[in-house]
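Beneath this line is the structure, given in structure tokens, with notes to follow.
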Amino acid sequence: DVKVTQSSRYLVKRTGEKVFLECVQDMDHENMFWYRQDPGLGLRLIYFSYDVKMKEKGDIPEGYSVSREKKERFSLILESASTNQTSMYLCASSKASRGTDTQYFGPGTRLTVL
Amino acid sequence: QKEVEQDPGPLSVPEGAIVSLNCTYSNSAFQYFMWYRQYSRKGPELLMYTYSSGNKEDGRFTAQVDKSSKYISLFIRDSQPSDSATYLCAMTTAGNTPLVFGKGTRLSVIA
């Protein structure tokens, strides 16, 4: 069974704090993704990575950065959290393949920024 | 125009009903089409996967793709309360490119 785990289910932070969201997958997948999900806006891609130490901007990268030092781990960093970053954050992974980009999701981290 | 359009609902049906969920898209290069199901407070999970046009059936679920109309559908037969969830369509082009998701349709099946 594919397993994607996220470090926290719920997180409460204060404005201006640096926030780290960790994601680990155990299926040796090359691709990893970070999304945020908001009511009425659906899933929006923040950053993705096709390999270790590689990263690509998604649709809404502003205010975020990522780190992928190991194949199984993909971290999302909020350098200075703001209230508009309150959201559900979802990590996903997939094998590198042409077109069959079946993504497996983690359970999500609900982040509240006060 | 958004690349993928999906009616957010909510959609409420009685148990046993046939449910039809739909997405339209604008990018004719999309070739791979998926449906994800997301239960409350959980991550999405893959439900159906289809390549190009045609139908695919899996138990009570049928996925349909009409590339000429840029329209995909998910049918659920004999719907059950356990089918209550948000259903997201997703699609991508050939090559290792990120999925493009619809916003999801919230479905409630009432016993």
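Rule-based calculations on the coordinates, nothing more; no lab input. None of the values given here were measured: they were computed from a predicted structure. All Cβ positions, glycine included, derive from the backbone under ideal geometry; neighbour counts span all protein chains shown.
Applying 1/(1 + (r/R0)^6) with R0 = 22 Å to the Cβ-Cβ distance of A:Asp51 and B:Arg41, what FRET efficiency is obtained, to the nearest 0.05?
Step by step, r from the Cβ atoms, then E = 0.10.
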Which value, in debye to the nearest 20, gives the size of the charge dipole of chain B about its Cα centre, when Lys and Arg are +1 and Asp and Glu are -1 at the Cβ?
220
Taking H placed 1.01 Å from N in the peptide plane, check which residues at least 5 places from B:Lys103 or on another chain put their amide H under 5 Å from its amide H.
B:Gln6
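Using unit Cβ charges (K, R positive; D, E negative) and no other charged atoms, how large, in debye to the nearest 20, is the dipole of the protein assembly as shown about its Cα centre?
420
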Could you check the spin-label model distance between A:Thr86 and A:Lys71? Points 7 Å from the Cα along Cα→Cβ, value in nm.
4.1
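Tell me, B:Val4, B:Val19, A:Val12 in order of fewest to most beta-carbon neighbours within 10 Å?
A:Val12, B:Val19, B:Val4
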Between B:Thr93 and residues 5 or more places away or on another chain, the pairs with built amide H atoms under 5 Å apart involve B:Gln31
Using a Gaussian network model of chain A whose springs link C-alpha atoms within less than 10 Å, name the residue from A:Glu72, A:Glu62, A:Glu30 with the highest mean-square fluctuation.
A:Glu62
Which whole-number percent gives the relative contact order of the stretch B:1-53, counting Cα pairs below 8 Å spaced six or more residues apart?
29
Residue by residue through the stretch B:19-24, which ³J(HN,Hα) values in whole Hz follow from phi under the Karplus form 6.51 cos²θ - 1.76 cosθ + 1.60 (θ = phi - 60°), with glycine and proline marked x?
10, 10, 10, 9, 9, 10
Fraction of alpha-carbon pairs over 13 Å apart in the stretch B:32-102 - percent
66
May I ask you to evaluate 6.51 cos²θ - 1.76 cosθ + 1.60, the Karplus curve with θ = phi - 60°, for each residue of the stretch A:36-50 and list the ³J(HN,Hα) values in order in whole Hz, giving x for glycine and proline?
10, 10, 10, x, x, 10, x, 7, 10, 7, 8, 8, 9, 9, 9
On each of the three principal axes of the Cα atoms of the protein assembly as shown, give max minus min coordinate, whole Å, ordered largest first.
48, 38, 37
Using +1 at the C-beta of Lys and Arg and -1 at the C-beta of Asp and Glu, which of B:Ile76, B:Val19, B:Met91 has the Cα lying farthest in the positive direction of the dipole of chain B?
B:Met91
Within 10 Å of the Cβ of an average residue in A:33-40, the count of other chain Cβ atoms is 3
Roughly how crowded by other chains is peptide B:38-47, in terms of the mean Cβ count from those chains within 10 Å of each of its Cβ atoms?
5
How many partner chain Cβ atoms sit within 10 Å of a residue's Cβ in peptide A:19-31, on average, as a whole number?
0
